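Only one structure is covered here, and it is reproduced in the block below.
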Amino acid sequence: MSVDDVGFLSLTHFCDKHGPKVLMVTQIASDLDRCNELLLPEYPKDSYCDSCLLRLPEPKSDATSIRSSIDDFYSVSTQYSSIRYQLLSMIIKKTFSEETMSYDGSPFMFCDEHRGLNLAVGFKLEDVHARGNERRYCLILSLEKRNPCDGNDVFKTLSDNWQFIIESLSKLIDHIKIQAREQLNRRQTDFAQIMGGTYLRENKQKLPVSLADIVNDQLIFLRIHKWNTFILTRLKAVQVETVDSDGPKGAVKP
Amino acid sequence: MLGRLLRTSSLSEFVPFGSSNVTVGEEVFQNEPFYMTDDLKTLLYGTRDKALFERIANDRLHNGGFRLIISQELGHVTSRNNYQVVLDHSSVNFHTGAHIPLNELKDYIFGSSIRTIDYSASSDKIKVVKSANIVLFTRIFYLNEKSTLRIAISCCVTDDVLPVLTECWPHISSFLDQCENTLLKYLAKNDTQFLPHDWKARNCIEVAAVLQTFQRKIIPLLSGYSDTPRLFLYPMDSIPYIKTWVKYVTNWIELKDGPRVRFLPILLAKLRYDFASLLKENSNTRIVILTGNMNVANRLIFILTAFLGPHFRGTLHKSINSQGCPSPAGRKMSNMSGASDFPFELKPSNSSITETNKGWEIPRIKRDPTFSVTSVSSDETGVQTFIQPSSLKSGASSVQYLSSSLNSAYGSYGSWFKKVAQSPSSRSNESSHEVPPILHRNSSSTSFHQQAVLGNINGSQRVTPQPSPTIAEYEEYPWFSPSPIARDQPRPEKRIPTPISSYTTEKERRTHLQSEIYDVDMKRTVNRLIDEDSLNDAFADLVIDPPSYDTTVSNEKHGEIVEVNMASPRKQRNNQNQELLRRFTSYTPHYNQWFQLQACQITTESENKVIHSMKRDLTYADQDPCKKDKSTSTLLISLRSREIKQVTIVRDTNNRFIQRTKKILQNGKVGPVSRAMLSGIETTDQHLKKLMECNNDNEALVSLFNDIVTCAST
């Protein structure tokens, strides 16, 4: 099977101003041609607010794509998906707006003929500049529904790797939350002194803040790209292996 | 009222196969606690972690509890009552950590009212509600293409089932299809868009049908998948595994089969040349061992693991509690039962297959005191005279009979067993790890079953609730108690050397013990392997370490690219193990139709149950257009009658079931099998003999083992 069929992983965000937005989507490609399709051309970044923008470390902040090449395939992370744009907008709209999402790290799955099978894990980060003092994010693993008769049903992919997927997503979320907490602790001392805290106060200043600033790590998107690539690579490896898994080798009739 | 309806309703559309007298729906599967020695747990499950086994016994949160909610959208977007619940049924045994208000559930089921209508024919949702420890799964559908109003069938179950929910979702999905159709039919019949708000109270047959689908199909399916621990398959190149395997095979052939019966070679040949591949290809294929004795069955299952797959690859996790310092509680247990599980030195040097002139007569020789550790001389004579009924003296008495009769009357031996348990000999057994192997002998006829009883006395554990085997059964397995006959008239030409010669030094012995399989303690759950360490390593490597990157300048096709270096995960990929374990298990008191390999208690009904589940498989396969195979096979192994048969059921053109039974072994004789299979049996027999003779050379052992379980040499 082709590696393009493994699925894709996205980090999404509910922006105070713009609603559901994709921050970064990681897809993998089996060859260079396919990889070139995934890479984004130069696009204006002005339309993105700080909290929606995939911010890359200086001085490469003009770059449009993150790429890693592993063995015989490529992994590409971009702000949006050029080939799955509409699908991804449908998925994030459903996740953030149409469903009642919990941002407590518990998994939520939905599956239909248009969106395929999606596993969303939501989390929130404390931020005084956001509505309700918190920013909401979701990691979404999307598996496009294929013909189940070909033996690679999407539910099988999910069930074969359930523990791995859940554990690895929650590891990333924990990491981000810990970083954000540390940064908040550093900042809150100054902030609390000036403002006297925000408890029961209306927060009129809804400033967009990048995830990179919340966790105080300009490389955070590169790290997430690497981890997403790792997860997708593993799913691909397991899928390939299921086809030729071992067992009693050569158990044929004499 | 509804209950009565449920009991009496005859729902023709839900009867899986016509007018047969089969019970409707699934066999409600129940797990019951049963006793298993720690070493056997390690052999079969790769861990002796109590949590894995106790969960089955005590902590089953759900016990098949569920809450079913059927609701509909009324189309009054601005109204508070836009979503109407027409049925809210909780089973009596549904207990969750916290109560969830219906309004909250409605939010989860229908989501926000701000939505785009997408007209997907139907969609499924699985939502974990952390605060209440439940999983809510929902099917949402529309009355027809024109309708914009949604109808939802939702079910709350405990979040214990979450890891298996995705695994059995294809099945659940087809059951939800059934429920959806029932509701749509009801709406069409009454020519309405809405279900009545008091639908449950109306006692409709449709309510009962939907409820029944949940009660008798979906919930048993979930608990059948989730509660039974699954076998761990050791790496095929692991020397300790192969050695333990050889030990078990040797013991089976010597003590259980004896020189005349060829049960094991025939079974193994059948698996190797024919059935193992079927089992791998088709999830409808099963091996069911019918037995009255779980210990024997579990040992046979361990032998069969060599023919299953996929096996684990990579390093085995060793338990922290090494052999030298087991926990005090576990120690007693493993000594009472595990004394006989002690690896590689169980057979005395003069062990052999012996045929006496008078069959397997119980000898009346005095035991050699140097060999006899368990010397209960006064009791022994008493027992011997007591347990040898006159009927047994006529010709067919055997050591199996001896132990069977002992076993069947164990209840009356309370004082005797206590005495054994307290006797100095059993204490010397406790220190058996330190004594030279030659002394490690259990020369009484104390069988496994009795040892379980002993364990019971000491550890106040529950013994398998089983009827004592009758005398006609060859069930009892005098595993490691070398039969006294063996020493009576040893036949040198049939002598099989000790697998491991005595260790010259204590150090050598310790090194050997370190490599044994009983040390293993895999990290796992009931149905999955957990590889936390490698995930932690990968995380530290990929996320914690700062990434190194480079840039590729932009061109007309793409913008600037940040090239992030990633180490090749090839190494990791090669060691990749399948996380989800296959549905193989050991002895379970009740037949679980969702498992491909299992042993269960033999009853008059057990064979019928298996056949019914096979027919059910075919009925489900009919509903699934993707499944092309229209046949299902089961290898039924009856340990009581030493019978192996393959039952195959197919559907003919008129959609009737045709059952074919192929006897592989019956009355001690090979059934009508192909010539190729006969030669296969011979080859397996030869290989097994060679393997049992092979002792010290690891390489030869591995290659012989591979010859038996794979087809390399034929």
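Brief remarks follow.
- Buried area at the A-B interface (accessible, heavy atoms, 1.4 Å probe, summed, Å²): 7100 Å²
- Based on alpha-carbon atoms, the Kirkwood radius and the radius of gyration of region B:64-227 give Rg/Rh equal to 0.94.
- Accessible area of region B:64-227 belonging to carbon and sulfur atoms, whole % at 1.4 Å probe: 50 percent
- Largest first, the residues B:Asp652, B:Asp531 sort by 1.4 Å accessible area into B:Asp531, B:Asp652.
- Protein heavy-atom accessible surface, 1.4 Å probe, per residue over region B:64-227: 38 Å².
- Peptides ranked, highest mean first, by Cβ atoms within 10 Å: ranges A:214-223, B:171-180, A:82-91: A:214-223, B:171-180, A:82-91
- Cα-centre dipole for region B:64-227 with unit charges at Cβ (Lys and Arg positive, Asp and Glu negative), debye to 20: 280 debye
- Counting, for every residue in A:104-116, the Cβ atoms of other protein chains within 10 Å of its Cβ and taking the mean gives 6.
- Put B:Val86, A:Val128 in order of accessible area, highest first, and with a 1.4 Å probe you get A:Val128, B:Val86.
- Between B:Asp533 and A:Glu144, the simple label model (points 7 Å from Cα in the Cβ direction) yields a spacing of 3.9 nm.
- The slack between B:Ser548 and B:Lys690, meaning 0.36 nm per residue of separation minus the straight C-alpha distance, is 45.4 nm.
- Put simply, the amide H of B:Met566, placed in the peptide plane, has neighbours under 5 Å in A:Ser69, leaving out anything fewer than 5 places away on its chain.
- Summing +1 for each Lys or Arg and -1 for each Asp or Glu among the other residues whose beta-carbon sits under 13 angstrom from that of B:His687 gives -1.
- Under 5 Å between amide hydrogens, built in the peptide plane, is the criterion, and for B:Arg286 it picks out B:Ser633, B:Thr634, B:Leu635 among residues at least 5 positions away or on other chains.
The values are calculated or read from the model by the stated rules, or taken from the named source; none is laboratory data. This is a predicted model, so every value here is computed, not measured. Cβ coordinates were reconstructed from backbone atoms using ideal geometry, including for glycine residues, and neighbour counts include every protein chain displayed. SASA here: full protein model, heavy atoms, side chains in, ligands and nucleic acids out. Shrake-Rupley method; radii C 1.70, N 1.55, O 1.52, S 1.80 Å.
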